[in-house]
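Note sheet for the following structure.
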Amino acid sequence: MSLEICDITKSFGGFRALDGVRLTIETDALFGIIGPNGAGKSTLFSVISGFVAADAGEVRLNGNRIDALSPPQRARAGMLRTFQVPREFSHLTVRENLMASAPDQTGESLLGLFFRPGQVRTEEAAIAETVERTMAFLKLDKVADVPSGKLSGGQKKLLELGRALMVQPKLILLDEPFAGVNPVLIGEIMERIKELNARGIGFVIIEHDLEALTRLVPRLAVMDRGKVLAEGAPAAVLEDPVVREAYLGGVS
Amino acid sequence: MEAYLVAIGIIALIYVLLSLGLTLQYGLTGLINFGHVGFFAIGAYTSALLVMNGAPFIVGFAGAALLAGIAAWPIGLVSLRLRDDYFAIVTLGFSEVVRIILTSERWLTNGVQGIPGIPRLYSDLGGAAGQIATFATILAVTVAAAWMIRRIAGSPFGRIIEAIRDNEEAVQALGKDPPRFKIQVLVVGAALAGIAGAFYAHYITYIVPEQYIPLVTFYVWMAIIMGGVGRVSGAVIGSVILMAFLEGSRFIRDVVPWISEVDMASVRIGLVGLLLILFIIYRPQGLMGDYTKR
Amino acid sequence: MFYAQLFVNGLFQGLVIGLAALSITLVFGIARFPNAATGDSMTLGAYAALAAHKASGSFIVAGLGAASATGIVLLLAYWSVFRKLAGRSVVALLVASIGIAFLLRAVLGVAFGHGQQVFQIPLARPYIFGGLRILPLDLQMALVALVTLIAVFGLLYLTAIGRQMRAVADNRDLARVSGIRPGRVMVALWLLAGAVAGIAGMMLGMKTIVTPEFGWEMLLPAFTAAILGGIGSPVGAVVAGLILGAMQEFSTPFVGFTYKIAIAFLIMLAVLLVRPRGLFGRVEGVR
């Protein structure tokens with residue numbers, strides 16, 4: 001079971017954001033991607049999740065090409081993503097955000113809503129229970145009824161993770177989950193990710209914070225200017241002379 | 001005086017119905033429907049023609065809702081996958097084309113001459129009693145529509161359309177297809193406009209294509225922007241203010257009689273334009289507060 | 001022959017649509033919203049040209065009057081309204097542009113009355129080219145359009161401000177980072193978009209009868225041409241305007257004169273369904 005990214009290329013105008021990216025990631029892994037700003041990390045996520053069409057190359061999930069699938073179809077295939085700048089449903093409360101994320105609700109169609117009210121009530125009760133558990137797991141229960149637009153940056157990141165969890169994912173693509181989050185909460189989020197991974201959910205994590213990432217993932221890739229420079233265990237990758245040259249610059 | 005108030009009340013409720021449709025579409029879902037009057041027109045002509053050809057009122061009203069809803073379907077299919085502003089252009093164009101069809105297909109609509117002598121509701125009750133019965137009926141329908149929209153807003157469906165309004169890409173990232181939801185909203189809002197059109201036709205008894213110009217769409221926009229976007233109470237308050245504005249601008253001619261009828265129409269359009277601009281710039285949340293103030 | 005004649009007539013019609021679409025596509029590309037006031041701006045241009053023509057008897061003066069009056073009014077609209085809505089959602093700008101459209105129409109209606117007005121143009125015998133009848137007026141108007149297009153494209157592609165406008169249209173963030181001041185670009189944009197709409201309005205007025213509502217009717221064909229050409233593509237807008245003009249003329253023998261605008265709408269739907277980025281547009285723009 002794996003996510004294969006084969007020779008993905010993408011340009012915006014004259015700017016080559018991705019240049020022949022090639023990666024294979026096990027879907028139950030904890031995998032990190034680091035790189036400076038503009039390295040193409042977020043663009044890569046957008047291509048994998050279907051929000052941006054690649055100019056060339058293929059994306060495969062468990063051996064099947066998914067390039068032709070829409071973003072919702074890819075999510076329904078078990079591959080969820082979060083966004084670098086959190087995209088909470090700002091006028092909905094934390095609880096409503098999570099309830100809205102549950103898949104396949106009868107009450108999601110107007111016909112179901114008005115003609116199968118009993119079914120809708122039963123499902124709502126079940127979803128509410130899952131939401132309570134998710135909020136407790138992510139320590140969001142104290143802000144359950146706060147409009148999500150009013151949350152702190154870190155809480156929004158947690159909420160994005162929570163929404164993805166509601167969809168019963170196999171693999172979650174996390175875009176900078178620690179950016180703008182206070183250190184205490186970073187530790188918290190990392191613990192949650194490890195727990196979830198132990199339960200079989202895979203993570204691909206884009207991160208700026210090298211130190212945080214190396215504590216979390218057993219394996220990572222370094223990107224710069226649209227290319228993968230190196231891939232492997234953190235210690236080995238960070239010793240790679242090409243990586244030191246390109247990413248770490250003069251720092252020794 | 002009583003008769004005048006009832007008459008004003010009926011027209012105001014028709015605007016409330018139209019505003020409720022737009023509240024569902026724009027206020028809750030974020031759909032920029034600039035062609036509301038097109039669905040209103042379809043409703044008016046459908047019910048008028050059905051009832052004048054012998055159908056009972058209930059069939060006329062059902063036909064109005066159905067046809068307006070069906071007309072919304074292809075519009076949604078084409079444009080709901082694209083950016084919001086494309087939808088605005090397409091719906092605006094749609095309402096203009098509806099008016100062209102009403103003008104051109106004389107065999108059906110009698111063209112620019114319009115259709116006179118449309119039967120009134122409760123005409124057998126006679127003048128005043130019939131008026132009041134009409135008012136009561138439209139009030140009941142409006143209350144039911146308001147209840148339905150409240151119900152939708154508080155439902156699983158409502159959570160998702162509000163999520164779409166707040167961030168459409170995030171909804172896609174959760175595995176849900178926004179166009180599927182938007183099209184249902186579009187159709188329901190259009191059906192409400194169709195019912196409003198049917199009430200209008202059977203109340204004023206005479207319909208012509210010129211009644212269905214884009215200005216009417218923006219009367220409704222003005223109402224929900226003034227009242228407060230995304231709230232049932234906003235739609236009601238906004239429609240009342242709109243009605244006061246429309247009636248008030250008729251009285252201006254009693255005060256300044258030298259203004260001609262056509263100039264008065266210009267002044268009215270200008271005021272609508274000015275109010276839209278001022279509210280959008282200085283008070284986008286409307287008078288009642290919009291969904292950001294919950 | 002009949003169809004060749006329709007084709008030629010359509011091309012002349014298409015010039016008006018193309019100019020209106022050019023105004024729309026410039027605003028759409030740079031200020032990022034469909035300017036619903038474009039139609040009524042054309043009406044303003046037509047009345048300005050009428051007044052200037054009455055005063056001077058010269059069509060050149062009329063054209064300059066139309067261009068400058070409309071350019072200045074749209075610049076004022078930018079300063080007083082659109083600039084205040086920077087950073088707000090597209091619907092705010094759209095509703096505001098509808099507001100501007102209504103205000104313009106109201107002021108023109110009160111100022112110039114609701115009667116029909118026409119340009120005093122001496123009647124002239126049409127030229128015959130290989131069996132095709134072409135009115136001298138049409139040729140003069142084609143010349144006006146050509147001069148306008150040369151001026152616009154010269155400005156866009158040969159001047160510093162034009163390069164900056166195209167850079168902002170391409171990528172606003174990138175443009176800001178590279179030191180382009182968006183304020184100046186916006187002033188240039190609205191003057192230019194207004195001038196082009198004004199000229200288009202004058203041309204339309206010379207072909208038909210001027211009323212306070214007549215520009216609004218052009219909004220749908222103009223939007224269609226802007227979409228068909230690809231939003232943000234000036235060349236596309238003009239080319240699509242010509243295509244649309246010809247298609248509208250071709251269709252009249254089959255569907256009748258009244259359905260011209262409906263044809264534009266059907267073409268718009270077809271383009272959005274099959275190729276939403278239009279002939280010359282980019283994919284990123286439409287989703």
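Please say if segment C:155-211 is rounded, prolate or oblate, where rounded means a/c under 1.5 for a ≥ b ≥ c the square roots of the C-alpha gyration tensor eigenvalues, and otherwise the choice is prolate for a/b larger than b/c and oblate otherwise?
The shape class here is prolate.
Please quote Rg/Rh for segment A:90-150 to two decimal places, taking the Kirkwood radius as Rh and restricting both calculations to Cα atoms.
So for segment A:90-150, dividing Rg by the Kirkwood Rh gives 1.03.
What is the mean number of Cβ atoms from other protein chains located within 10 Å of the Cβ atom of each residue in peptide B:275-285, rounded to a whole number?
5
Per q in 0.09, 0.21, 0.23 Å⁻¹, report the Debye log10 I(q)/I(0) for segment C:176-287, using one uniform scatterer on each alpha carbon and no solvent.
-0.30, -1.23, -1.33
Of C:Ile209, C:Ile261, C:Ile121, which has the largest mean-square fluctuation in a 10 Å C-alpha GNM of chain C?
In this elastic network of chain C, the residue with the biggest mean-square fluctuation among C:Ile209, C:Ile261, C:Ile121 is C:Ile121.
Quick one: A:Phe203, C:Phe223, C:Phe280, fewest Cβ neighbours within 10 Å first, how do they rank?
In order of increasing Cβ crowding within 10 Å: C:Phe280, A:Phe203, C:Phe223.
State the Kirkwood hydrodynamic radius of chain C in Å, one decimal place, computed from all pairs of distinct Cα atoms.
19.0 Å
Here is the link list: A:Lys41/B:Lys182; A:Lys150/A:Lys227; A:Lys139/A:Lys170; A:Lys170/B:Lys182; A:Lys150/A:Lys194. Which ones come out longer than 30 Å on Cα distance? All intermediate terms of the calculation are to be shown ahead of the outcome.
Numbers: A:Lys41/B:Lys182 32 Å; A:Lys150/A:Lys227 37 Å; A:Lys139/A:Lys170 22 Å; A:Lys170/B:Lys182 28 Å; A:Lys150/A:Lys194 28 Å.
Where the Cα-Cα span goes over 30 Å, the pairs concerned are A:Lys41/B:Lys182; A:Lys150/A:Lys227.
With 55 Å as the cut-off, how large is the P(r) tail for the protein assembly as shown, expressed as percent of Cα-Cα pairs?
Value for the protein assembly as shown: 17 percent of Cα pairs lie more than 55 Å apart.
For A:Lys157, A:Lys10, C:Lys84, what's the fewest-to-most ordering of other Cβ within 10 Å of each Cβ?
In increasing order of surrounding Cβ atoms, one gets C:Lys84, A:Lys10, A:Lys157.
Based on DSSP H runs of at least 4 residues, each adding -39500 (n - 2.57), what is the mean residue ellipticity at 222 nm of chain B after dividing by all its residues, to the nearest 500 deg cm²/dmol?
Per the formula, -25000 deg cm²/dmol.
Once every Cα of chain B carries one equal point scatterer and solvent is ignored, give the base-10 log of I(q)/I(0) from the Debye formula at q = 0.13 Å⁻¹, two decimals.
For the requested q values the scattering log ratios are -0.91.
Using Cα-Cα distances under 8 Å and only pairs 6 or more residues apart, what relative contact order does chain B have, in percent? Mind showing how you got there, number by number?
On the way: 456 pairs, mean separation 94.7, N = 294.
Answer for chain B is 32 percent.
Compute a Gaussian network model of chain A, connecting alpha carbons closer than 10 Å, and tell me which residue from A:Ala77, A:Ala236, A:Ala144 fluctuates the most.
Result: A:Ala236 has the largest fluctuation of those listed.
Hey, in the GNM for chain A with a 10 angstrom Cα cutoff, which one of A:Gln155, A:Gln73, A:Gln119 fluctuates hardest?
A:Gln119
When a footprinting reagent is the concern and you count Cβ atoms within 10 Å, what order do B:Tyr200, B:Tyr4, B:Tyr26 take, fewest first? If you can, show how the numbers build up before the last one.
Numbers: B:Tyr200 28, B:Tyr4 9, B:Tyr26 24.
Going from least to most buried by this count: B:Tyr4, B:Tyr26, B:Tyr200.
From the residues B:Leu102, A:Leu92, B:Gly69, which one has its Cα farthest along the dipole of the protein assembly as shown in the positive direction, the dipole being from +1 and -1 charges on Cβ of Lys/Arg and Asp/Glu about the Cα centre?
Checked the options; the winner is B:Leu102.
Write down the radius of gyration of segment B:25-129 and its Dmax, each obtained from C-alpha positions, in Å.
Final numbers for Rg and Dmax: 16.1, 51 Å.
Read-outs: derived from the displayed coordinates by stated rules, not from any lab. Model, not experiment: these values are computed from the prediction. Reconstructed Cβ throughout: ideal geometry from the backbone, glycine too, with neighbour counts over all protein chains shown.
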